[in-house]
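What follows is a single structure, written as structure tokens, with notes after it.
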Amino acid sequence: MPRRLTRRGRSRYDSAMEKTIFDGIIAGEVPADVVYRDEHVIAFRDINPQAPVHVLVVPLERMESIAEATSGKPETLGRFMQGIATVARELGLEEKGYRVVFNTGRDALQTVQYVHAHILGGRKLGWPPG
Ligand code: AMP
């Protein structure tokens, strides 16, 4: 029997909109090393750091990936961007610089289906990325 698709073409059986580990962190149900929080974003240290500073910034309003920004609210998206810059400043990364990464979809190895910006810094970063 064919699977029914939602308006956005996604099967209602896909797990993408199920709760993620980041929903748990936002709710305070999953422990995390939170470095910043305001009414729009939360930021916490990545459990598998790829640089001396590796922090994830997550908007409290759920999107699955940055691909949804095409239909996102400008206010939400703007607050997200401001949150990223604020966290990087508070982590002391502004002077030497840092990288912001949005892994998006399968080819980019996005593993958590809740949009998050990786802030990476504290060392000279290579380019191109792997
Ligand atoms: P991505 O591959 O872009 O989806 O990145 C997901 C990131 O979340 C990875 O770098 C993981 O190490 C990180 N991560 C997964 N679970 C947790 C957690 N409980 N606390 C902090 N970081 C996490």
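The values are calculated or read from the model by the stated rules, or taken from the named source; none is laboratory data. These numbers were taken from a predicted model, which means no experiment stands behind them. Cβ placement follows ideal geometry from the backbone for every residue including glycine, while neighbour counts extend to all protein chains displayed.
Among all residues of the range 38-49, there is at least one that is more than 15 Å from the ligand (Cβ to nearest atom), at pLDDT 95 or above, of a type outside the set (S, T, N, Q) and out of contact with any helix residue (DSSP H, G or I) (no Cβ under 8 Å at 6 or more places or on another chain). Of everything in the range 82-113 that's within 16 Å of the ligand (Cβ to nearest atom) and among the hydroxyl-bearing types (Ser, Thr, Tyr), which residue is farthest from Asp46 (Cα to Cα)? It comes out as Thr104.
Among the conditions (1) within 12 Å of the ligand (Cβ to nearest atom); (2) in contact (Cβ under 8 Å) with a residue 40 or more places away in the chain; (3) farther than 20 Å from Ile25 by Cα, His116 misses just one, which is (3). Residues in the range 85-98 that are without any contact (Cβ under 8 Å) to a residue 40 or more places away in the chain and either under 23 Å from Ile21 (Cβ atoms) or in contact with a strand residue (DSSP E or B) (Cβ under 8 Å, 6 or more places away or on another chain) (or both): 3 in all.
Among the residues of the range 19-57 satisfying the criterion of being among the charged types (D, E, K, R) and touching a residue at least 24 places away in the same chain (Cβ under 8 Å), which is farthest from Leu77 (Cα to Cα)?
The residue in question is Asp46.
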